[in-house]
Amino acid sequence: MSLSQYPFLLTRHDHVDHPRQPDPRPTTSSEESARVYQARADSVFQEWGFRAPAPAIGEGPEDYRRELAIRAKRQLPYGHEMRIKNLRKLPRDVFEAFEPQIYQACREAAKRPDSAAPGELREVVKVNPLNGHKEITFLGREHFVREMGRPGRLVVSFLHRFNTSGVAFR
């Protein structure tokens, strides 16, 4: 008995054994290198809660690489030593030395509580690749419970008229 005689018994999974058609669009080495740069930036930007954008049409891989590094640099706090570099004007060999340092500094800055704007909390979602468990952490300068507390009051005077030795206060 053949299942092809009974098409209503076939499920979507029965058609998986057909070979997948290759992508008709040929890939170039510049597209492949841009994908490598995008994957590298995605690993850093994921900790900030966004993804690296795709390269623009006609954008060279080196320009795209620099744009991703500039986006990573913008995530650094003001006054950081890596933030002051002008990456567009750096020679290629110097840029290649600075790029991993910028990504590492961006990765470290994503874990700091002062990376969120004052008065705001930043949500960081981490997914465990082994079991798919999603862990959500909030980073911010102030804890959300602080607003629920009672504000401090100014002490004007004490009700005690005598100190511990029995002498009166003036």
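The values are calculated or read from the model by the stated rules, or taken from the named source; none is laboratory data. It should be emphasised that the depicted structure is a prediction, and the values quoted were computed from it without experimental measurement. Positions of Cβ are backbone-derived with ideal geometry, glycine not excepted, and every protein chain shown enters the neighbour counts.
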_Inter-residue pairs, beta-carbon under 8 Å, first within 16 Å of residue 117 (Cβ to Cβ) and in segment 76-89, second modelled with pLDDT under 80 and of a type in the set (S, T, N, Q), 6+ apart_ = 77/115
*Where residues in segment 50-79 are in contact with a Leu (Cβ under 7 Å, 6 or more places away or on another chain) and of a type outside the set (A, V, I, L, M), which of them is nearest to residue 40 (Cα to Cα)?*
66
*Does residue 156 satisfy being assigned to a loop (DSSP other than H, G, I, E, B) and free of Cβ contacts under 8 Å to residues at least 24 places away in the same chain?*
yes
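Okay, residues lined up against (1) in contact with a Cys (Cβ under 6 Å, 6 or more places away or on another chain); (2) modelled with pLDDT of 75 or more:
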{"position": "17", "(1), (2)": "no, no"}
{"position": "33", "(1), (2)": "no, yes"}
{"position": "52", "(1), (2)": "no, yes"}
{"position": "60", "(1), (2)": "no, yes"}
{"position": "69", "(1), (2)": "no, yes"}
{"position": "72", "(1), (2)": "yes, yes"}
_Matching residues in segment 65-97 - criterion: being within 21 Å of the chain's Cα centre (by Cα) and of a type in the set (A, V, I, L, M, F, W, C)_ = 68, 69, 70, 72, 76, 82, 84, 87
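Could you check, for segment 61-82, whether at least one of its residues is part of a loop (DSSP other than H, G, I, E, B) and touching a strand residue (DSSP E or B) at 6+ places or on another chain (Cβ under 9 Å)?
Looking for residues that are part of a loop (DSSP other than H, G, I, E, B) and touching a strand residue (DSSP E or B) at 6+ places or on another chain (Cβ under 9 Å), one finds none in segment 61-82, hence no.
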*Could we say that residue 141 is touching a residue at least 60 places away in the same chain (Cβ under 8 Å) and either assigned by TED's automatic domain parsing to the domain that holds residue 75 or within 30 Å of residue 76 (Cβ to Cβ) (or both) here?*
no
